[in-house]
Amino acid sequence: MTTHPKFILGYTAAVVISALSSGTVFANTVYDSISQGKVNADFNLRYEGVQQDNAVGDASALTFRTRIGYTSADYEGWSFKIEMEDNRIVLGQGDYTVGPTGYNLGQYSVIADPEFTELDQGFIQYKSDNLTLKVGRQVITLDGHRFVGHVGWRQDRQTFDAATVIFSPIKDLKIQYSHVTDRNRIFAEIADQDSKDHLFNASYVTSLGKLVAYGYLLERELPVSNSLDTYGVSFSGKKVSDDLTWLYHAEVASQKSDVDAVSFSANYLFAELGAQYSGVTAKLGYEVLGSDNGSYGFATPLATLHKFNGWSDQFLATPQQGLTDIYLSASTKALGGNLLAVYHKFDADDASETVDDLGSEINLQYTTKIASHYTAAIKYAKYNGESGRVDADKIWVWLSTKF
């Protein structure tokens, strides 16, 4: 059979026109998804002052953090986000030390807010009714930040280079997995850590509260073998009774640490009971980061640590003797804003002759809105050290806005 040249020419033209038409539709759709995207911005001007009973000088920092991002509109479930972050010292108020970066090393107390400019987030995402896929630099927070958080209190928040899958096969059930290849820490790029982390988290919401099971398998890219594996379960919820609302949370976890053939294990326990009445919320909590016979303390290296065990950050690394934290908090609306007060009593979980009482701390905070779009706040932490730990006073004043 002989094919007529005019048929070949016509067929080819049809294919080309079809391809160009499809390409035009695709190009227009991509243009629409980008042009219809959203820009976000977050600005934070903060003063932090630190006084400690040690040999270095008192620290003070006035810094201004800028975070600007763009999120595209969806195209058949696909979208992307790019976000930059920058922090600068203002008016020369930079009398503080940032150890990992070498800034003023050994001169002042530590304030963990270096100057930097970096990519905060940059990821591609697919989202449907019950499935979310995300690949790239991203924020990952799980269950109140106790084990995995963004450390958003610091000017350089923590993000992760990761692939994340979130799947909800049925209503009220969510299964999340992230494979992390880089931990972008709070000290700019110089302190980032290559890793091979696997984060598993599954939650189910019941009529009484939320049940969570998790496994966080952490490993850094180091010359020596290492792993930090944590498995746990938690249950939290609330119950309304007339004008009184009860709040409750219980959690247990076990951890095993292996570094170059040396193994340790420790347990974690958390219990909190709270009540809300007439605009006041009060909570009583008991947290134990256990010890392995005084040689190893339960660790949470990816947590938003500032949120836990006192704002003065005395226990960012758990002592080898472990840590017991009994705390009482109260919050309410007053003076046109929100007031929060917390008292902590710290002790060693596995006390020794020299390490037993680990001191106490008082935390106070007031936040308020200004002109609807701005948040102003003042925050104070006073730590009274024991067992060789020095006293510390810290104060923060800040003004922030975002859109």
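The values are calculated or read from the model by the stated rules, or taken from the named source; none is laboratory data. Keep in mind that what you see is a predicted model, and the values were worked out from it rather than measured. Cβ sites come from the backbone with ideal geometry, for glycine too, and all protein chains shown count toward neighbours. In case anyone asks, the SASA skips ligands and DNA or RNA and just uses the protein heavy atoms, side chains included. Shrake-Rupley method; radii C 1.70, N 1.55, O 1.52, S 1.80 Å.
Summary table
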{"quantity": "Qualifying positions in the stretch 301-317 - under 13 Å from Val151 (Cα atoms) and either in contact with a Ser or Thr (Cβ under 7 Å, 6 or more places away or on another chain) or open to solvent by less than 30 Å² (accessible area, probe 1.4 Å) (or both)", "calculated": "Leu302, Ala303, Thr304, His306, Trp311"}
{"quantity": "Odd one out for Glu361, checked against (1) of a type in the set (Asp, Glu); (2) open to solvent by 20 Å² or more (accessible area, probe 1.4 Å); (3) under 24 Å from the mean Cα position of the chain (by Cα)", "calculated": "(2)"}
{"quantity": "Residue within the stretch 239-250 that is in a strand (DSSP E or B) and under 21 Å from the mean Cα position of the chain (by Cα) present", "calculated": "yes"}
{"quantity": "Identity of the residue in the stretch 266-300, closer than 26 Å to Val342 by Cβ and charged (D, E, K, R), that ends up least open to solvent (accessible area, probe 1.4 Å)", "calculated": "Glu287"}
{"quantity": "Pair list, Cβ under 7 Å, 6 or more apart: the stretch 188-201 residue in a loop (DSSP other than H, G, I, E, B), other residue of a type outside the set (Phe, Trp, Tyr) and open to solvent by less than 90 Å² (accessible area, probe 1.4 Å)", "calculated": "Ala188/Thr101; Ala188/Pro114; Ala188/Glu118; Ala188/Asp156; Asp192/Asp182; Asp192/Arg183; Asp192/Asn184; Asp192/Arg185"}
{"quantity": "Any hit, the stretch 207-216, residues being of a type in the set (Lys, Arg), open to solvent by 80 Å² or more (accessible area, probe 1.4 Å) and in contact with a Ser or Thr (Cβ under 6 Å, 6 or more places away or on another chain)", "calculated": "no"}
{"quantity": "Subset of the stretch 54-98 [under 21 Å from the mean Cα position of the chain (by Cα) and under 30 Å from Gly385 (Cα atoms)]", "calculated": "Thr63, Val98"}
{"quantity": "Among the candidates Ala377, Ala330, Ala341, Ala381, residue that is surrounded by 20 or more Cβ atoms within 10 Å (Cβ to Cβ) and assigned to a strand (DSSP E or B)", "calculated": "Ala381"}
{"quantity": "Filtered residues of the stretch 162-177 (kept if of a type in the set (S, T, N, Q) and either loosely packed, with under 15 Cβ neighbours inside 10 Å or more than 19 Å from the chain's Cα centre (by Cα) (or both))", "calculated": "Ser168"}
{"quantity": "The stretch 238-265 - residue that is in contact with a Ser or Thr (Cβ under 6 Å, 6 or more places away or on another chain) and of a type outside the set (Asp, Glu) and, of those, surrounded by the most Cβ atoms within 10 Å (Cβ to Cβ)", "calculated": "Gln255"}
{"quantity": "When residues of the stretch 31-80 are limited to those that are charged (D, E, K, R) and closer than 19 Å to Val135 by Cα, the one surrounded by the most Cβ atoms within 10 Å (Cβ to Cβ)", "calculated": "Asp74"}
{"quantity": "When residues of the stretch 120-145 are limited to those that are in a loop (DSSP other than H, G, I, E, B) and open to solvent by 10 Å² or more (accessible area, probe 1.4 Å), the one nearest to Arg88 (Cα to Cα)", "calculated": "Val139"}
